[in-house]
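A.B. asks: One structure follows; several queries about it will come next.
The values are calculated or read from the model by the stated rules, or taken from the named source; none is laboratory data. What you see is a predicted model; the values in this text were computed from it and never measured. Cβ placement follows ideal geometry from the backbone for every residue including glycine, while neighbour counts extend to all protein chains displayed. The accessibility values were calculated without ligands, DNA or RNA, using every heavy atom of the protein model including side chains. Shrake-Rupley method; radii C 1.70, N 1.55, O 1.52, S 1.80 Å.
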Amino acid sequence: MEYNEGIIGDPNQLAQRITSNIQKITQGSAEIQRVLNQLGTPQDTHELRQQLQQKQQYTNQLAKETDKYIKEFRSLPSVSEQRQRKIQKDRLVNEFTTVLTNFQRIQRQAAEREKEFVARVRASSRVSGGVPEESYREGTLVSWESQPQSQIPDEEITEDDLRFIEERETAIRQLEADIMDINEIFKDLGMMIHEQGDIIDSIEANVETAEVHVQQANQQLSRAADYQHRTRKKLCILILIFVIGGTILSLIIWGATKS
């Protein structure tokens, strides 16, 4: 799987690809868990373990690709929809973190199952002089070439045994390398989430400031309306006084003229 250069710079395509990959990681994790549940049962075969390894590596590549897309998404230049873009980015980072946490948990479970299985094969009757199972639980991988040949009776070891164990040890090493890759992605996400916290605080502060300004504007409008109402009331009273005064004055003049 390769990083698709064609979507760089397009926020809508980046967001769609990130969302699609998150869904694929979720589906891949569920499939890996289903295969893990079959290990140690009559369905446990060499082909099943190969399938497990392929699904795990594919999902791991999806995770690394998604990490690149999210980095590209957050590095896009600011636009008028900046606040909406940040909210969308925060949501994608949170969703990616959730599915990645579940995927790494399954990765660790798969590695532990492989170590336990190889330890049982080494301790079986067909292979003697193997490494104790406890060493695998501690994460130590020891190849057959490093074992003293005097401890391994030639008649009890076949080429199939050696090839099978070497394949499983290679799978374990790959799993452990993939888990380290996911750890690096978590570090990137941790930095993003920390920055998001600052951004969210800044957004909240801006919203609070806007609310204060709106409240102040409302208060000023209310005071203006009260002032306008009082002024109109005074004007009406003055007009009424002038009308009454004019009427009285007219009556006085009319009485004086008549007399």
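A.B. asks: If you go through segment 88-110 one residue at a time, how many are among the basic types (Lys, Arg), open to solvent by less than 40 Å² (accessible area, probe 1.4 Å) and within 22 Å of GLN33 (Cβ to Cβ)? If you could, list the steps in order and put the result at the bottom.
C.D. replies: Taking segment 88-110 first, the residues among the basic types (Lys, Arg) are 89, 91, 105, 108.
Retained after the next criterion (residues that are open to solvent by less than 40 Å² (accessible area, probe 1.4 Å)): 89.
With within 22 Å of GLN33 (Cβ to Cβ) added as a condition, the list becomes none.
Total satisfying the criteria: 0.
A.B. asks: Hey, could you check segment 59-87 for residues that are touching a residue at least 40 places away in the same chain (Cβ under 8 Å) and open to solvent by 60 Å² or more (accessible area, probe 1.4 Å) and say which is nearest to ARG49 (Cα to Cα)?
C.D. replies: Step by step, filter segment 59-87, then rank; the result is GLN61.
A.B. asks: Related question: Name the single residue that is nearest to the chain's Cα centre (by Cα) among those in segment 143-190 being modelled with pLDDT under 60 and acidic (Asp, Glu).
C.D. replies: The residue in question is GLU145.
A.B. asks: In addition: Would you tally the residues in segment 8-30 being closer than 21 Å to ASN60 by Cα and open to solvent by less than 60 Å² (accessible area, probe 1.4 Å)?
C.D. replies: 10
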